[in-house]
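**Student:** Structure below; questions to follow.
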Amino acid sequence: PFWLKPPQGPAALVLRRMSPVLLTLAVAVSSVVDATRIPRLAATLSRARHVVHPLRHGHHAAEAAVVGPPPEAKAQLQAASDIMRDLDIVVSSKVSIRWLGRERGLGVLAHAPIEPGELLLKGPVSPVGVVGAMLQAPWESVGMHIMGQRFVSDPPWSFPGTARLLLKLTNLLLHIGRHNVSTLGPMERYIAALPLARQELLAYWPEDARALLRGSAMLARVPAMPEDRTRLSAAGLLSYWPPDSPKPSLEEMHDAWVRANILTDTRVHHPAIIGPMFIPVLDLVNHAPPRASNADWTASGRSHWHLVSSKSIAPGEEVQICYAVTDFLDMWGKNGFFDRASVDDAIAHIHVAPGALGDGHAGGIYAVPREHALWGEGEGADLIRQLLKSAPKELSLEEARRHVRIRLAELIRTHLSGHAAPPAPPAPGVEDPLAEYRVVAENVLNFERSLLNRILDSLHA
């Protein structure tokens with residue numbers, strides 16, 4: 001070859017200057033033509049792409065979603081794609097937004113190995129990038145912003161940040177209702193595509209739907225939000241309405257207020273320093289309990305929010321954060337979904353009738369200790385203490401404990417006998433307005449029964 005004999009004169013100068021370009025072209029061509037014959041080089045180039053370009057605009061990730069979501073999920077996916085592009089939300093090249101089935105909905109899925117500490121999502125904390133309790137939104141008039149201050153302080157709310165955010169979201173939903181979706185901004189289009197159905201939260205179930213859960217302790221754990229109460233709140237909002245904003249009707253205000261409450265309960269994040277906020281795209285990251293979650297999010301300072309991996313994540317694994325440390329049924333009651341990964345930690349509750357724990361005892365809802373924690377502290381300890389207190393004084397400690405087991409089993413069986421048969425569905429061919437509620441109610445009752453029967457089995461062992 002010619003390079004064994006170094007060229008002289010002008011040819012040497014040209015070769016020296018062109019050699020980096022020629023080498024780069026040679027590597028690129030060889031990696032394309034001979035990638036199968038040079039797997040080590042192909043793997044190196046693949047890793048280099050992730051090192052040199054670790055982040056990309058999120059709309060590319062959204063476009064890679066799998067085929068199969070229902071129309072409403074497709075609309076939500078498109079809205080996510082648009083807002084990531086318009087707000088410059090950045091998504092790692094190793095993850096994408098995917099449809100994960102009816103139970104989990106949209107979620108963030110890894111499609112390349114992820115190490116702990118890698119940045120997965122990043123977006124702006126700004127009046128257009130989030131809906132925040134402390135930030136004046138573009139659709140808010142000055143009068144509306146001042147109204148928020150008055151609404152929170154008169155009478156004072158226990159959680160003023162949440163109350164202020166509720167008002168902002170109510171105003172935003174009204175704003176969306178007055179305009180054609182195509183004329184709205186990215187945040188409005190994103191929220192317009194969200195599923196904000198009442199069946200997501202038990203507090204907003206109508207009375208005929210709550211009747212499907214007769215006998216369940218969940219009815220007492222999650223009190224109903226009566227229609228007249230939500231209407232009263234909506235009417236109170238109207239009394240504060242500023243003159244520089246178009247005033248809605250009571251019906252419009254009531255619908256927007258209820259949907260804002262559902263949105264706040266199911267999708268709002270609560271950073272400690274800058275107050276509660278709705279963060280688009282981050283709300284698509286699903287929940288896992290602490291031992292199973294693999295990512296954490298922060299809103300450091302007031303400029304950006306970040307989602308960072310906390311564990312190694314394998315390709316095909318879902319990226320998940322922990323919303324709260326709570327049990328299976330509590331997560332459903334407060335956030336509108338079942339935490340399947342925390343079934344083993346779920347806490348069962350039972351109705352205790354007045355007088356069942358001794359004369360003058362008012363009864364109520366009590367947590368039942370799990371089979372392996374009957375005599376310990378924590379969930380269910382109050383019930384065990386009450387049962388021990390009601391035991392005859394002459395019993396030995398071992399006899400008193402046997403008495404507690406027998407009485408606890410009786411209380412559980414009494415509770416289970418109160419699980420009445422749900423109202424019958426309509427005749428075949430007749431539309432069932434409670435169809436979606438029936439599915440959820442059956443899941444709740446079956447799970448509550450399974451928990452209590454498992455404890456019964458351990459008491460009889």
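The values are calculated or read from the model by the stated rules, or taken from the named source; none is laboratory data. Everything numeric here is computed off the predicted structure, so don't read it as measured data. Neighbour counts run over all protein chains shown; Cβ positions are idealised from the backbone, glycine included. Ligands, DNA and RNA are excluded from the accessible area calculation, which covers all protein heavy atoms including side chains. Shrake-Rupley method; radii C 1.70, N 1.55, O 1.52, S 1.80 Å.
**Student:** Taking 0.36 nm per residue of sequence separation and subtracting the Cα-Cα distance, how much length would be gained by fully extending the chain between residue 375 and residue 115, in nm to one decimal?
**Tutor:** Contour length minus the Cα-Cα distance gives 89.4 nm.
**Student:** Straight distance only, please: which aspartates and glutamates reach the Cα of residue 247 with their own Cα at less than 18 Å, same-chain residues fewer than 8 apart left out?
**Tutor:** 140, 255
**Student:** Here is a further query. Give the carbon-plus-sulfur fraction of the accessible surface of region 360-428 in %, rounded to a whole number; probe 1.4 Å, heavy atoms of protein chains only.
**Tutor:** The nonpolar share, carbon plus sulfur, comes to 55 percent.
**Student:** A further question on this structure: Starting from 0.36 nm per residue, how many nanometres of slack lie between residue 359 and residue 395 once their C-alpha separation is accounted for?
**Tutor:** Length gained between residue 359 and residue 395: 11.1 nm.
**Student:** Could you tell me what percent of the accessible area of region 186-323 is made up of carbon and sulfur, with a 1.4 Å probe and every protein chain present?
**Tutor:** Percent of accessible area from carbon and sulfur atoms in region 186-323: 55.
**Student:** Please find the FRET efficiency linking residue 241 to residue 388, where r is the Cβ-Cβ separation and R0 is fixed at 35 Å, and quote it to the nearest 0.05.
**Tutor:** Result of the calculation: an efficiency of 0.05.
**Student:** Let me know the shape class of region 112-266, please: from the alpha-carbon gyration tensor, a ≥ b ≥ c as square roots of the eigenvalues, rounded when a/c is under 1.5, otherwise prolate if a/b is greater than b/c, or oblate.
**Tutor:** Judged from the Cα gyration tensor, region 112-266 comes out oblate (a/c at least 1.5, b/c at or above a/b).
**Student:** Could I ask something else about it? Explain nothing, just compute: Karplus ³J(HN,Hα) = 6.51 cos²θ - 1.76 cosθ + 1.60, θ = phi - 60°, for every residue of region 124-133 in order, whole Hz, x for Gly and Pro.
**Tutor:** These are the phi-based 3J(HN,Hα) values: x, 9, 8, x, 9, x, 9, 10, x, 4 Hz.
**Student:** At R0 = 30 Å, how high is the FRET efficiency between residue 413 and residue 225 if r is their beta carbon distance? Nearest 0.05 is fine.
**Tutor:** 0.40
**Student:** Modelling each spin label as a point 7 Å along the Cα-to-Cβ direction, I'd like the residue 310/residue 438 distance in nm, to one decimal.
**Tutor:** Taking the two extended label points, one gets 4.0 nm.
**Student:** Keeping the other protein chains in place, figure out the carbon and sulfur percent of the accessible area of region 74-137, with a 1.4 Å probe.
**Tutor:** 53
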